[in-house]
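The values are calculated or read from the model by the stated rules, or taken from the named source; none is laboratory data. Please read these numbers as outputs of a predicted model, since none were measured by experiment. Cβ placement follows ideal geometry from the backbone for every residue including glycine, while neighbour counts extend to all protein chains displayed.
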């Protein structure tokens with residue numbers, strides 16, 4: 001096993017963690033994949049965040065924990081979305097993992113729902129601590145990549161300012177495998 005990422009890595013602003021996690025590995029049991037695409041959700045001012053305006057619900061309560069906890073939820077009644085909390089306790093920052101390279105056909109893991117299905121992630125991981133868990137964690141790598149950014153995908157509901165901010169980050173070499181924003 002490579003060096004496991006600890007709490008300090010995640011207890012930083014979501015934009016920085018969203019960039020720095022690129023090229024690192026996620027491990028879920030025996031399954032591993034390199035993170036190649038993320039989106040940052042930067043707290044209560046972010047109209048695309050589930051915590052916009054300081055909202056706390058049963059679904060998003062984990063967002064208010066310190067960095068390094070799994071925030072997973074279902075969209076459209078069928079696709080799990082894997083987020084990891086960032087920042088300090090009480091501040092609801094997080095990043096969404098949008099794509100992985102699992103050493104094979106990236107088309108199987110180039111979307112949030114696809115990668116959760118591939119790794120077997122579901123609501124049983126909600127609130128899991130990636131700094132301590134034996135089920136899910138992140139591993140460091142010394143690999144360095146060119147990083148690109150674009151607007152996040154599928155958040156037009158957040159209005160023009162938030163839907164156009166470049167808070168989506170990806171390893172440039174993977175661009176041809178990833179969906180691109182339409183607006």
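Checking the conditions here, which among 54, 88 is on the phi > 0 side of the Ramachandran plot, surrounded by fewer than 21 Cβ atoms within 10 Å (Cβ to Cβ) and out of contact with any strand residue (DSSP E or B) (no Cβ under 6 Å at 6 or more places or on another chain)?
Numbers: 88 fails: on the phi > 0 side of the Ramachandran plot.
Residue meeting the stated conditions: 54.
Find the strands (runs of 3 or more DSSP E) located wholly in segment 1-120 whose residues include 3 or more that are modelled with pLDDT of 95 or more and over 22 Å from residue 149 (Cα atoms), and list them.
Once the strands (runs of 3 or more DSSP E) in segment 1-120 are filtered for at least 3 residues that are modelled with pLDDT of 95 or more and over 22 Å from residue 149 (Cα atoms), what remains is 70-75.
Return the total of residues in segment 121-133 being free of Cβ contacts under 8 Å to residues at least 12 places away in the same chain and not in a loop (DSSP other than H, G, I, E, B).
Selection size over segment 121-133: 1.
Which ones in segment 153-182 are in contact with a helix residue (DSSP H, G or I) (Cβ under 8 Å, 6 or more places away or on another chain) and within 13 Å of residue 110 (Cα to Cα)?
If the condition is that a residue be in contact with a helix residue (DSSP H, G or I) (Cβ under 8 Å, 6 or more places away or on another chain) and within 13 Å of residue 110 (Cα to Cα), then 174, 177 are the ones that fit.
Mind checking which residues of segment 134-183 are within 19 Å of residue 31 (Cα to Cα), touching a residue at least 24 places away in the same chain (Cβ under 8 Å) and in a loop (DSSP other than H, G, I, E, B)?
Within segment 134-183, 135, 140, 141 meet the criteria.
What number goes with the only condition from (1) buried (at least 17 other Cβ atoms within 10 Å of the Cβ); (2) farther than 18 Å from residue 136 by Cα; (3) in contact with a helix residue (DSSP H, G or I) (Cβ under 8 Å, 6 or more places away or on another chain) that residue 64 does not pass?
(3)
Consider only pairs whose beta carbons are under 8 Å apart and that are at least six residues apart or on different chains; among these, list those whose first residue lies in segment 54-83 and is farther than 24 Å from residue 109 by Cβ and whose second residue is part of a helix (DSSP H, G or I).
Filtered contacts from segment 54-83: 56/64; 66/7; 66/10.
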